[in-house]
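Below is one structure, written out as C-alpha cells; the observations come after it.
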Amino acid sequence: MLKAATADGNLSVPLCIDAQDRETRILNAKLRVLYQGVFAIPANLVISAIVAYVLHDTFPVTILITWYFATLALAGLRMYLHHCFMNALEQGRGGARWRPYFTAGSCAAGTLWGALCLGLPAYGDTNDYVLLTLVAAGMSAGALATIVAHLPAFILYACAFTLPLAAVSVLHAEPHVAANGVLILFYTGVICMAAKKLNLLVTHTVELQIDNETLNTSLGRVRGERDDARTDKWSTLAQLSHELRTPLNAIIGFSETIQTRIFGPIGNSRYEEYVDHICSSSNHLLQLTTEMLQLSQGEAGKLELAESEIHAGSVVKACVSEVSQIAGAANITLNLRIAPDLPLLRADETKFGQIVRNLLSNAIKFTQANGKVVAEIKIASNGGLVFIVRDTGIGMKPEDIALAMAPFGRIANPLKHKTEGAGLGLPICQRLAEIHQAELHIASKINQGTICTVSFPPSRTIARGHSHALHESIEQAMGAA
C-alpha cells in the first residue's frame with residue numbers, strides 16, 4: 001500500500017487501495033485496452049471478404065461461403081462481448097472473468113484463418129500460399145498493436161493462424177514455398193518474443209497509470225481534509241479571538257476608569273503603576289486578538305470590502321503622520337513621496353490604511369537608529385497604483401521571506417533586536433492585498449534593508465475627471481427623475 005510522507009518525512013498516511021483491489025483495477029484497465037481494439041473486428045471482416053473473393057478461383061465456393069459466414073458470426077459474437085464488457089465496466093462488474101472470453105474469441109479468430117490455410121494443399125496454388133503469407137504477416141502485426149495487452153490471447157491468435165500455414169508450406173513440394181514455411185516459423189517465434197516485451201511495457205504503463213490515478217485521488221482526499229482542518233482551525237481561532245474581545249474591553253474600560261480617577265484617588269502609588277501595566281497590556285492583547293480575528297477571517301475567506309473611491313495619496317499621508325512620532329522617538333528619518341495627479345483608487349479605505357500602517361510600522365520596527373524609511377505611492381507603468389515602503393533596516397535572507405509571510409513567523413532574533421509583535425502584520429497585509437486583487441512583493445538583503453511593494457491592478461484605478469463626470473451624470477439623472 002502506498003503512503004504519503006508527513007512533514008517529518010515518515011510514511012504514515014495511507015494513500016492507495018489494497019493490493020487485491022489494485023490488481024483488479026490494473027486488469028480492468030488492460031482489458032479495456034484489449035476491448036478498445038474492437039475496430040480490428042470489422043477490419044478482419046473486410047480482409048476476409050477480399051481473401052474469399054481472391055480464392056474463389058481455386059477453393060470451392062461452398063467452403064469459402066461457410067468459412068466467411070463462420071467469420072461473420074464470430075465477429076458478431078465478439079462485438080456483442082465488447083458491448084457487454086463496456087456495460088459491465090460502467091456498472092463496476094469488471095474483473096478476471098472477462099479475460100477467458102476475450103482469449104477464446106481471439107483464438108477462434110486465428111483458428112478460422114488456420115483452417116483456411118489447411119485447405120491450401122488440396123485447393124490452393126503457389127499464389128494462394130503467397131497471399132495467405134502476406135495476410136498472416138499483416139494480421140499478426142495488427143494483433144500486436146491491439147491485443148498484446150493480454151499475451152495469451154495474442155500468442156493463441158498468431159500461432160493458430162501461422163502454424164498451420166507454416167506446416168502446409170514446409171510440406172510443399174516447391175523449395176521456395178517450403179523455405180517460406182521455415183521463415184514463417186522463425187518470424188512467428190520472433191514476433192512472439194517481441195509481443196512478450198511489449199506486453200511487459202503495456203503492463204508497466206497501465207500499472208503506472210492506475211497508481212497515478214489512485215495517488216491523485218488520495219492526494220485530493222488528503223488535500224480536502226487538510227483544507228477542512230485549516231478552515232476549522234481558523235474558524236476556532238476567530239471564535240476564540242471574538243470571545244476574548246469582550247472581557248478585554250471590560251478590563252480596559254475599568255482600568256482606564258481607575259487611571260482617570262473618576263471616582264476619586266487610588267490611595268497608593270504602587271496601585272497606580274499596576275493599573276498602568278494592566279491598561280497597556282490589555283490594549284496590546286486586544287490589538288493582538290483583533291489581528292488574529294482579521295487574519296482568521298482572511299484565511300477562511302470571510303473578509304469583505306466596503307469599497308469606495310479613495311484618494312490613496314491622502315490616506316498614505318495620514319498614515320505617515322500617525323507613525324511619524326514613533327519614528328522620531330526611534331531617531332529614524334521618515335520620508336514621504338506622493339506622485340502628482342494620482343488617480344482615485346477603488347478600495348476599502350480602512351483596510352488600505354491598515355496595509356500602509358502595518359508596512360510602515362514594520363519598517364520602523366526593524367530599522368536601527370539613524371536609519372531611514374521612505375513611503376512612496378505612484379502610478380505604475382501598466383496604469384495601476386504602486387505603494388512602496390523602503391527601509392535601511394536589518395533586512396533578512398531571501399529564503400526567510402516565506403517565513404516572514406507566514407502567520408506568527410518572526411525572522412528577527414529577539415536577543416539582538418528588541419522588537420514586539422506576534423508576526424501577524426505581513427500576513428494580514430498579504431490577505432488585505434489579495435482581496436483588493438493586489439500583489440504584495442518583498443525584496444530584502446541582510447543589513448541592507450527591505451523593500452515592500454503593493455501593486456494594485458489598473459482595474460482599480462479611476463481617473464479623477466472620469467469620476468467627477470460620472471457623479472455629475474448620476475446627479476443629473478436623479479434630478480430629471
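Quick rundown of the values:
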| item | result |
| --- | --- |
| Per-residue HN-Hα couplings for the stretch 379-391 [Karplus 6.51, -1.76, 1.60; θ = phi - 60°; Hz; x = Gly/Pro] | 8, 7, 5, 8, x, x, 9, 10, 10, 10, 10, 10, 9 |
| Low-density loop positions, trypsin sites (Lys or Arg not before Pro), the stretch 73-143 - DSSP coil, at most 11 other Cβ in 10 Å | R97 |
| Rough spin-label spacing in nm, given labels placed 7 Å along Cα→Cβ, for A122 and R32 | 4.6 |
| Estimated FRET transfer efficiency when R0 is 60 angstrom, pair M405-D21 (beta carbons, to 0.05) | 0.90 |
| Residue-count net charge about V275 - beta-carbon cut-off 12 Å; Lys, Arg +1, Asp, Glu -1 | -2 |
| Distance violations [Cα-Cα > 23 Å] among K351/K378; K351/K372; K317/K397; K365/K445; K317/K445 | K351/K372; K317/K397; K317/K445 |
| Accessible area (Å², per residue) of the stretch 184-227, counting only protein heavy atoms and a probe of 1.4 Å | 67 |
| Full-stretch length increase - E307, F254 - with 0.36 nm per residue and alpha-carbon distance subtracted | 15.5 nm |
| Interchain or long-range residues, amide H under 5 Å from G393's placed H | G449, T450 |
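The values are calculated or read from the model by the stated rules, or taken from the named source; none is laboratory data. Just so we're clear, the structure is a prediction, and the values are computed from it rather than from any experiment. Reconstructed Cβ throughout: ideal geometry from the backbone, glycine too, with neighbour counts over all protein chains shown. When the accessible area is computed, the model is the full protein with side chains, heavy atoms only, and any ligands, DNA or RNA have been set aside. Shrake-Rupley method; radii C 1.70, N 1.55, O 1.52, S 1.80 Å.
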